[in-house]
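Participant: Here's a structure for you.
Bear in mind these aren't lab numbers, they're just calculated from the coordinates by the rules spelled out. Predicted model, so just to flag it, every value in this text is computed and none were measured. We place every Cβ from the backbone using ideal geometry, glycine too, and count neighbours over all the protein chains shown.
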């Protein structure tokens with residue numbers, strides 16, 4: 001089995017199994033409503049990337065995050081406590097973002113823990129992946145590069161140029177598609193001045209994929225290559241619901257480059273009916289099924305290639321540390 005998700009309760013069974021080629025810690029910090037979906041998304045992506053390599057994925061989460069009772073029960077039962085996960089020394093980490101609660105990262109209740117995790121990953125792993133808010137935390141913690149609020153949500157499926165050759169991009173060609181969903185951005189010039197290398201980007205999104213290498217390879221995504229085909233649709237429907245419940249003032253912007261012409265017509269017809277009425281009950285009539293039928297995850301082959309190259313990097317680095325030193329070399 002190329003990928004095993006090792007929940008906390010399955011550890012004793014897993015220890016009796018054959019040793020995994022790589023053990024990856026997944027810090028799943030997403031809100032309660034997206035907790036299981038995020039675990040499934042990264043699991044599917046790693047499964048597609050692993051090939052014949054056996055990868056063990058151990059989920060964890062920042063303990064300072066506020067959780068509801070259902071998510072807390074799942075985390076307590078199945079997720080590894082962070083300190084225990086780190087004591088086991090995974091070969092690499094994947095760290096997701098979370099929903100921001102304050103305008104600046106250092107005011108978040110988990111900031112000290114996250115900054116310490118960045119330091120730990122740089123010292124104790126060959127490589128790590130940081131997604132969205134977590135990527136912003138890496139830029140700030142390592143070099144003081146602060147994110148900035150965007151005038152509107154950067155939301156949709158975007159094409160990106162490949163800006164430099166790198167092992168992570170082996171086998172890929174432009175344009176590289178990546179979903180984005182965020183309210184904040186990192187200045188490209190500040191990232192470059194701080195020593196980050198931007199691998200993919202566009203005028204619309206700025207830095208898409210960028211890396212920092214000092215003691216460890218830190219791979220940062222402002223986008224979400226792990227998303228499944230319907231993730232942006234679900235986010236759009238959620239935002240429509242917020243509008244209909246009068247929780248936001250304007251009808252949400254469409255996700256860029258995501259829906260086909262038929263889908264856009266369906267949404268426009270629904271908007272014309274729902275916008276004047278502004279009734280939360282109308283969300284039940286949102287054309288979810290018809291829209292889903294016209295969607296496919298066109299970005300996933302590229303995402304799997306990047307993760308496959310990342311796993312190869314981690315595997316080579318792990319083998320290098322195992323190799324005995326040769327006298328005179």
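Participant: Show me 248-258, 231-241, 21-31, 95-105 ranked by packing, highest mean number of other Cβ atoms within 10 Å first.
Facilitator: 21-31, 231-241, 95-105, 248-258
Participant: In deg cm²/dmol and to the nearest 500, what is the mean residue ellipticity at 222 nm of the chain if only DSSP H runs of at least 4 residues count, each as -39500 (n - 2.57), divided by the residue total?
Facilitator: Helices in the chain give a 222 nm mean residue ellipticity of -12000 deg cm²/dmol.
Participant: What whole number of Å gives the distance from the Cα centroid of segment 17-61 to the Cα centroid of segment 167-198?
Facilitator: 23 Å
Participant: Quick check: the angle from helix 261-277's long axis to the longest principal axis of the chain, C-alpha only, nearest 10 degrees?
Facilitator: That helix lies at roughly 60 degrees to the long axis.
Participant: Expressed in nm to one decimal, what extension gain is obtained for the pair residue 321 and residue 164 from 0.36 nm per residue of sequence separation less their Cα-Cα distance?
Facilitator: Contour length minus Cα-Cα distance gives 53.7 nm.
Participant: Can you put 210, 270 in order of Cβ neighbours within 10 angstrom, beginning with the fewest?
Facilitator: Arranged by neighbour count, lowest to highest, 210, 270 become 270, 210.
Participant: Label-point separation (nm) for residue 242 and residue 192, each offset 7 Å from Cα along Cα-to-Cβ?
Facilitator: 3.3 nm
Participant: Rounded to the nearest 5, what % of DSSP beta bridges with both residues in the chain are antiparallel? Write out the running numbers ahead of the final one.
Facilitator: Details: 21 of 45 bridges.
Antiparallel bridges: around 45 percent, rounded to the nearest 5.
Participant: Rounded to the nearest 0.05, what FRET efficiency do residue 271 and residue 172 have when you use their Cβ-Cβ distance and R0 = 41 Å?
Facilitator: Details: r = 37 Å, r/R0 = 0.89.
The pair residue 271/residue 172 has a calculated efficiency of 0.65.
Participant: Additional query: Distance between the C-alpha centers of segment 78-148 and segment 243-278? Whole Å please.
Facilitator: Here the answer is 35 Å between Cα centres.
Participant: Follow-up question, since we're still on this one. How would you order 285-291, 221-227 from highest to lowest mean count of nearby Cβ atoms within 10 Å?
Facilitator: 221-227, 285-291
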